[in-house]
Amino acid sequence: MELIVLIRRLSQENVLWGAPRIHDELALLGHDVAVSTVAKYMVRRRNSKPSQSWKTFIQNQMAESAACDFFVVPSLTFDLLFCFVVLSHDRRQILHVNETRHPTAVWTAGQVVEAFPSIRRPGICIETGIRSSAGSSRRT
């Protein structure tokens, strides 16, 4: 009975601890108890407000999110052109496209600034990576 009270007290006072952590703390105190027993007697908490689902979060943030990426296009002279594209998620439209033979960090930052004029800046920018035919991955 004393051990059950201790398990409940530890779980109430340390809300971020799960059964394995409480089990380890009890072992340090000299109590030999299984993790399943700790889980059985821990205080069950109920959220008064359930958290939103991932789908709801994405729908709420869709108007403020965009994706940007590089992809490689071989030219007729077999040079590689690096294309930079920015897509808006809410309307699924292309916001900005540009290409260069030699992308640099400064050039890429300039493209991001051009893609989002001061009137409309996204709150979230989702980055993706596409593998080229050589197998290397470029991330923006």
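Just so it is clear, none of the values below were taken in a lab; they were calculated from the coordinates. Values in this document were obtained by computation on a predicted structure and should not be read as measured data. Reconstructed Cβ throughout: ideal geometry from the backbone, glycine too, with neighbour counts over all protein chains shown.
Just a few scattered comments:
- For segment 89-97, backbone phi angles converted through the Karplus equation (6.51, -1.76, 1.60; θ = phi - 60°) give residue-by-residue couplings of 7, 5, 10, 6, 10, 7, 8, 7, 9 Hz, Gly and Pro being listed as x.
- Backbone N atoms of segment 56-95 closer than 16 Å to the 7 Å Cα→Cβ label point of Glu114 belong to residues 68-71, 81-87, 94-95.
- Computed E for Glu2/Ala34 - FRET, C-beta separation, R0 22 angstrom, nearest 0.05: 0.85
- Those trypsin sites (Lys or Arg not before Pro) in segment 3-112 that DSSP places in a loop and that have at most 13 other beta carbons within 10 Å: Arg44, Arg45, Arg46, Arg91, Arg92, Arg101
- Modelled this way, with points 7 Å down the Cα-to-C-beta line, the labels at Asn60 and Tyr41 are 3.9 nm from one another.
- For Gln93 and Ser53, a Förster radius of 30 Å and the Cβ-Cβ distance give a FRET efficiency of 0.70, rounded to the nearest 0.05.
- Dimensions of segment 1-102 from C-alpha coordinates, computed as largest minus smallest value along each principal axis and given longest first, are 80, 33, 18 Å.
- Charge tally around Trp17: other residues with Cβ under 10 Å, Lys/Arg +1 each, Asp/Glu -1 each, net -2.
- Calculated SAXS-style log₁₀ I(q)/I(0) at q = 0.31, 0.34 Å⁻¹ - segment 2-41, Debye, Cα scatterers: -1.20, -1.42
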